[in-house]
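To start, the structure under review is shown below, and the notes come after it.
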Amino acid sequence: MRTFEPDSSIVSDIIPSPNYGERNKGRQPDMIVLHYTGMPDVEGALARLCTAGTEVSAHYVVLEDGRIVQCVSETKRAWHAGVSSWAGEDDINSCSIGIEIINRGHDWGYPEFPLRQIAAVIALCRGITLRRKVPPHRVLGHSDVSPARKKDPGEKFPWHSLANSGVGHWVTPAPVVRGETLMLGTISDEVLSMQQALARYGYGVPLTGKYDAATMEVVTAFQRHFRPARLDGVADHSTLSTLQALLASLPPEGTPVASK
């Protein structure tokens, strides 16, 4: 039985989840967080998201055939991000729309995302960005906001295809070449500069000048999203150049971002 009207005209079904609350302090969502379900089958994933007591939910679920199920109204706070942070905010559930994409994930073979499914994700995100005025650089993966805990939607997710369709922020990754690198254990001003650059983009990273385990996790998350050719947590020339190109292409602070 429907308990709310769908927010998107491309929603094919509503399966209400009891797992939601109010957005804290009336916070309006201006971020999209993309996940994969990481479970062997769609039935199990939907059951987990829509069963009381699991304390997990999402606003939308995108099936492999492109159908879109809505589980929580966009006005409500779904429980999808968990312990997470971005750009100084640590209640990501209150400021975001959560989209679960049916995919078995790394623990179950991690298949490619079907083209029809990605087309549906793009269409859904385009509608949300228009309604909610979501800036391109605030369309993120779960691993971006929770780098120590999460890998999804992972390195196979075609962020470049979304950007080509007007969803998300992307630059062509700098090629992987041999050269100087920053890696676990390094202590230097260059490490601090990199940490500051990651923090300017939005990542929750310690500003210590030491390349510790937490920094390595953030660099790996960055690579998963923006430089997936090599996931090693090592800040090589390709990683650092791609980060600088992304920062250079951000809109000036305070400038309204026009939706495409």
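Each residue of the range 33-39 was assigned a 3J(HN,Hα) from its phi angle through the Karplus expression (A = 6.51, B = -1.76, C = 1.60, θ = phi - 60°), giving 10, 9, 10, 10, 6, x, 10 Hz with x at Gly and Pro. The distance from the alpha carbon centre of the range 194-209 to that of the range 1-30 is 33 Å, rounded to a whole number.
Here the range 13-165 has 51 percent of its accessible surface on carbon and sulfur atoms, given a 1.4 Å probe and all protein chains in place. For the range 58-176, the solvent-accessible area with a 1.4 angstrom probe is 38 square angstrom per residue. Taking GluC sites (Glu not before Pro) as exposed when DSSP calls them loop and at most 15 other C-beta atoms lie within 10 angstrom, the chain has its longest site-free stretch at 181-252.
The residue among P40, W108, A163 whose Cα reaches farthest toward the positive pole of the charge dipole of the range 13-165, with charges on the beta-carbon of Lys, Arg, Asp and Glu, is A163. Share of carbon and sulfur in the accessible area of the range 181-249 stands at 57%, probe radius 1.4 Å.
Residues C71, C50, ordered by accessible area of protein heavy atoms at a 1.4 angstrom probe radius and largest first, appear as C50, C71.
Report summary: the helix-based calculation at 222 nm, which adds -39500 (n - 2.57) for every DSSP H run with n ≥ 4 and divides by the residues of the chain, gives -9000 deg cm²/dmol.
Long hydrophobic helices in the chain, taken as whole DSSP H segments with a C-alpha length of 27 Å or more on their own axis and mean Kyte-Doolittle hydropathy at least -0.5, are absent.
The values are calculated or read from the model by the stated rules, or taken from the named source; none is laboratory data. The structure displayed is predicted, hence computed values, not measured ones. Positions of Cβ are backbone-derived with ideal geometry, glycine not excepted, and every protein chain shown enters the neighbour counts. All accessible areas refer to the heavy atoms of the entire protein, side chains included, with ligands and DNA or RNA removed. Shrake-Rupley method; radii C 1.70, N 1.55, O 1.52, S 1.80 Å.
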